[in-house]
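S.K.: Structure below; questions to follow.
The values are calculated or read from the model by the stated rules, or taken from the named source; none is laboratory data. This structure is a prediction, so every number in the text was calculated from the model and none was measured. Ideal geometry is used to build each Cβ from the backbone, glycine not excepted, and the neighbour counts take in all protein chains shown.
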Amino acid sequence: MLNIVGKHRLKNEAGSILFIVAAGIVVFIGIAGLAIDMGMLYNVRTDLQNAMDAAAMAGASQLNGNAVGINDAVTEAIAATNNYYFNTTPVAVAAADVTFSANRDSGYVDQATAAGNPAGIRFVKVFKQKTMDLALLKIIPGVGSTSNVSAAAVAGQSPPINEVCDGLNPMSPEPIVDPATGQITGNYVIGQEYTLRFPGGQNPPTGSGNYLLLDFSPLIGGSRGGALIRDLLYAGAQGCIGIGDVICSKTGVTGGPVQQGLNARFDSDTDTRQGIPYSSYTGDGRRILPVPIVSSSPTSLQPIDNGKNCNAQPLYIFDLVCFFLKYRVPNGNTDITGEFIGHCNANGKSDPTKGPPGRSGLPSERRIVLYR
């Protein structure tokens, strides 16, 4: 009788052990599945977020206050995601995933609506939701076989920049003057070449002198004379210069330091093809020159004295723009030209004590900022 009871007990215990082992296997697979699938979800969400960031930044860089900028923003946002994948498939952003607003946190509208009223648009939002197949969690009862993953990014333009900090080049383009009034009008044309600095014998508003440059010497330490000229042309000024600031001209500069500084800058670029237009340029930005436009008349703000007493008539910063250096500088005293490219995301800031930007006839310089 006891043997019979013992046998039944052993059978019951064996059944319990099998149940416990089976349950344990399910729990183990669930934990392993959770770790594996959560890791995969984290990785693909990171990739998706990176794609949204790139798309938003690319889109915001095209905003220019008109409908063409809106359409270009969509095109560039879509193109920016070409190098990104969700798991093993392309992210594939569509036009409907790109929206626009004048305010960072609300009021986003589609491409057609934004293009109909583009003037105040400053922000681009890109949102994408993708579905990922789960690897192991789907074997657990009640857990689906897929999971939705989404990411969004907002990029926009900073307030108008009216002060450039570090890197401003001491050249200044020939002013465009209304012959009737004698006032600078701006109206530079993107893609057109302009003289950036004149040899002796000319009489621009900065006065006469060989390779007239702007005297940024208080903003750069160490070298003087020809070495200072080379440093300024190669690297730009150290410090901040804003619209309305007064600056002196640096007369009597000979061709040697100018040629050396600009050619060293040209040669340090990753694209040194001469004569190409900016639209064909693929370099790292060394051939792009952030420069001031100067006027011999004060701006509407009280000029800010940089601590210098100019020997000649002082000059006033009228606007801040960018040119592209198409050629190396030849030997001798010759005009130096550059292709006008408008703005170039120079390192700058908005300072309420400085004058208003955008007086060259273009939308104001702005930096592209990524928000999330």
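S.K.: Is it true that Thr113 is exposed (fewer than 13 other Cβ atoms within 10 Å of the Cβ) and free of Cβ contacts under 8 Å to residues at least 24 places away in the same chain?
M.R.: Here the answer is no, as Thr113 does not meet what is asked.
S.K.: Let me ask something else about it. Within the bounds of the range 196-206, is there any residue that is closer than 25 Å to Glu163 by Cβ and at pLDDT 80 or above?
M.R.: yes
S.K.: Oh, and also: The conditions are (1) at pLDDT 85 or above; (2) of a type outside the set (Phe, Trp, Tyr); (3) under 30 Å from Phe123 (Cα atoms), and Ile276 fails exactly one of them. Which is it?
M.R.: (3)
S.K.: On to the next question. Does Ile293 satisfy being at pLDDT 90 or above, surrounded by 17 or more Cβ atoms within 10 Å (Cβ to Cβ) and on the phi < 0 side of the Ramachandran plot?
M.R.: Considered against the rule, which asks whether it is at pLDDT 90 or above, surrounded by 17 or more Cβ atoms within 10 Å (Cβ to Cβ) and on the phi < 0 side of the Ramachandran plot, Ile293 comes out as no.
S.K.: Moving on to the next point. Among the candidates Val149, Val98, Val154, which residue alone is modelled with pLDDT of 80 or more, surrounded by 20 or more Cβ atoms within 10 Å (Cβ to Cβ) and over 23 Å from the mean Cα position of the chain (by Cα)?
M.R.: Val149
S.K.: In addition: Would you pick out the residues in the range 317-357 that are charged (D, E, K, R) and either without any contact (Cβ under 8 Å) to a residue 24 or more places away in the chain or part of a loop (DSSP other than H, G, I, E, B) (or both)?
M.R.: Passing the criteria: Lys326, Arg328, Asp335, Asp351, Lys354.
S.K.: Condition check: of a type in the set (Val, Ile, Thr), within 22 Å of Ile341 (Cα to Cα) and modelled with pLDDT under 85. Does Thr131 satisfy that?
M.R.: Taking the combined requirement at face value, the residue does not satisfy it.
S.K.: Continuing with the same structure: When residues of the range 297-339 are filtered for being at pLDDT 70 or above, among the small types (Gly, Ala, Ser) and out of contact with any Pro (no Cβ under 8 Å at 6 or more places or on another chain), how many remain?
M.R.: 1
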